[in-house]
1. Take the residues of the range 316-352 that are assigned to a loop (DSSP other than H, G, I, E, B) and acidic (Asp, Glu): which is farthest from ASP79 (Cα to Cα)?
2. Considering the range 258-288 alone, what residues qualify as being part of a loop (DSSP other than H, G, I, E, B) and either touching a helix residue (DSSP H, G or I) at 6+ places or on another chain (Cβ under 6 Å) or closer than 19 Å to THR247 by Cα (or both)?
3. Here's a check for you: in the range 502-512, which residue that is surrounded by fewer than 20 Cβ atoms within 10 Å (Cβ to Cβ) and not hydrophobic (A, V, I, L, M, F, W, C) is nearest to LEU460 (Cα to Cα)?
4. Collect the residues in the range 501-548 that are farther than 24 Å from SER109 by Cβ and hydrophobic (A, V, I, L, M, F, W, C), keeping them in residue-number order.
5. Listed residues LEU335, LEU328, LEU321; which is modelled with pLDDT of 95 or more and either in contact with a His (Cβ under 8 Å, 6 or more places away or on another chain) or open to solvent by less than 10 Å² (accessible area, probe 1.4 Å) (or both)?
6. Test THR510 against the criterion of being touching a residue at least 40 places away in the same chain (Cβ under 8 Å) and more than 23 Å from the chain's Cα centre (by Cα), and give yes or no.
7. Tell me which residues, restricted to the range 197-221, are more than 30 Å from SER257 (Cα to Cα) and either open to solvent by 50 Å² or more (accessible area, probe 1.4 Å) or out of contact with any Lys or Arg (no Cβ under 8 Å at 6 or more places or on another chain) (or both).
Amino acid sequence: MRPRTTHKKNNAGLRRTAAVAAIAVLGAIAACSGGGGGGSTATPAAPVSPVVPVPPVVPEVPVVPVPATGTAWLSYGGDAQHTAQASVKTQALNRIVWQTPVDVAPQYSAQGYLLVHYGSPVITAKNTVLVPVKRAAADSFRVEARAGASGALAWTIDSDYVMPAHNWTPAYNITLTRNNRIVMPGAGGKVLYRDDADAAGSATNSLVFYGNGAYSANKAAFDASVFINTPITADSAGNLFFGFVVTGTSNPANLTSGIARIGADGTGGWVSAAAASGDPSMSKPAMGAAPAISNDQKTVYVVVKSNGINGQLLALDAATLALKSKALLTDPFSLANSRISEDSTASPMVGPDGDVYFGVLEPVSNQHNARGWLLHFDAALTTAKTPGSFGWDDTASVVPAAMVPGYTGTSSYLVMTKYNNYGRAGSGDSKNRIAVLDPNASMADPVSATASVKVMKEVLTILGPTPDPSFPGGVTEWCINTAAVDPFTKSILVNSEDGYLYRWDLTTNTLSQKIRLTSGLGESYTPTAVGPDGLVYAINNAVLFSVGL
């Protein structure tokens, strides 16, 4: 029997011998410190002016956006707030309806691990599923448009996107705007787009936040030095926001790593991470952390970090990128700077009441069993609220309180998170759970070493069902970075490293349905999503599965 493979998230080999486990944990944690995925230790550049405007770009081919006519899954986490709520009843998990690779040449580690985050599919109101695909052994990508009912290929486009330096391969995420424009990262900081994501003949154009003319005149220089390093988020008007990093000491547009905005009219602007935060030590946006938009569309929340471990959550004016407020990301136990991992895909989530949630890692390795924390702030980022007891590589999902019949608290909504307790990380016992938490009630932290911290109260938790043969008494990890919530069936769709997709029924607190996708494989965490017809989408072993009746 071949060696068993597991997720690598900070317990990257924890289920092997003690010596191998120690090496694996140290390797994973080292990737989270010292700047993570290839971060420089050079002195940060001086801040630039908060916004550098660029004249609107006129597309070469006039297009008329097609209004969405139904419910679409727009982005990572489903919407610009990353709440991951389905707007239709999900189908029963009876069969794999269709499947397609999201990586045509997966690169496994010597131990059989797959250290790749895969981007979320996005799904139009007309049920076209747009799939980000790694199209070679190297980090190169394309987008495939497939019919939601059958998986039949409708169109495809190669991206020239170039990834920044990294450890684990970050996700290549794409985004739909509410007028059905599909946008995707390209090389040199540009954004590629098509104005009718459902139409095979739709023209592909590009937008550059520092100007198409500047890019065209110095394409090679920009492609080699400017890299989009977060998912793109679109607000309700079609304005785009994303983070980018710049390498080298100079570039033709004098860009510095920061946050970009491209207006729905094509107007580009940007602000450096240092200027946005008012702190010259903040040198770049956090890798893989998608910007989130406030419910009133006036604020964009982004995460910036230093070349070390620490970072800040910023609230920027959505029109100008001017700083409105910020919060230091500190560890609830030690009160030191939290660790912002370059291997994480945790993104800010905005709750229905405007509160903001973001996952971080503890600064002292394994002090919190490598679980990290879900930090919690009010909309203005002026008040730190009760944290959750897991968060390091997870984006919380919103659970309407009515989904839990036995809930008697006062919160109008709850939050769902992964709740792994990694074996051999600190006191971790490999009793890996998922959890629904009350953001406005508290309890003592369940980890004994940090029990002095008051954390979000557990409303429901459920243990993974599959024994971990490498850790007696433990179970395999839950394998998500955002989970789809179905208010219609009062359930949550979540996949596990055992190779199954599960339905967690909150009425009975049982795993009421399951379907086997693969024999199980350790890969970086991936999302679940829901189409307008109720099909459920999950990724395992570099394949996207469409599951339903």
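1. Applying the first criterion (assigned to a loop (DSSP other than H, G, I, E, B)) to the range 316-352 yields 318-322, 329, 331-336, 338, 340-348, 351-352.
From what is left, the residues that are acidic (Asp, Glu) are 331, 342-343.
Details: ASP331: 28, GLU342: 23, ASP343: 23 Å.
Among those residues, the one meeting the criterion is ASP331.
2. Let us first name the residues in the range 258-288 that are part of a loop (DSSP other than H, G, I, E, B), namely 263-267, 278-283, 286-288.
The answer is PRO280, SER281, MET282, SER283, ALA286, MET287, GLY288.
3. The first filter runs over the range 502-512 and keeps only residues surrounded by fewer than 20 Cβ atoms within 10 Å (Cβ to Cβ), leaving 505, 507-512.
Adding the requirement that they be not hydrophobic (A, V, I, L, M, F, W, C) leaves 505, 507-510, 512.
Numbers: ASP505: 11, THR507: 10, THR508: 10, ASN509: 7, THR510: 10, SER512: 15 Å.
That would be ASN509.
4. LEU501, TRP504, LEU506, LEU511, ILE515, ALA529, VAL530, LEU535, VAL536, VAL547
5. Numbers: LEU335 fails: either in contact with a His (Cβ under 8 Å, 6 or more places away or on another chain) or open to solvent by less than 10 Å² (accessible area, probe 1.4 Å) (or both); LEU328 fails: either in contact with a His (Cβ under 8 Å, 6 or more places away or on another chain) or open to solvent by less than 10 Å² (accessible area, probe 1.4 Å) (or both).
The unique qualifying residue is LEU321.
6. Values: touching a residue at least 40 places away in the same chain (Cβ under 8 Å): yes; more than 23 Å from the chain's Cα centre (by Cα): yes.
The answer is yes for THR510.
7. The answer is ALA199, ALA200, GLY201.
Here is a yes/no grid of residues against (1) modelled with pLDDT of 95 or more; (2) surrounded by fewer than 19 Cβ atoms within 10 Å (Cβ to Cβ); (3) β-branched (Val, Ile, Thr):
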residue: LYS431; (1), (2), (3): yes, yes, no
residue: ASP438; (1), (2), (3): yes, no, no
residue: ASP445; (1), (2), (3): yes, no, no
residue: VAL455; (1), (2), (3): yes, no, yes
residue: ILE462; (1), (2), (3): yes, no, yes
residue: SER470; (1), (2), (3): no, no, no
residue: THR482; (1), (2), (3): yes, no, yes
residue: LEU493; (1), (2), (3): yes, no, no
residue: TYR500; (1), (2), (3): yes, no, no
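The values are calculated or read from the model by the stated rules, or taken from the named source; none is laboratory data. All values derive from a computational prediction rather than experimental measurement. Don't worry about glycine lacking a Cβ; one is built from the backbone with ideal geometry, like all the others, and counts go over all protein chains shown. Areas reflect the complete protein model, heavy atoms only, side chains present, ligands, DNA and RNA absent. Shrake-Rupley method; radii C 1.70, N 1.55, O 1.52, S 1.80 Å.
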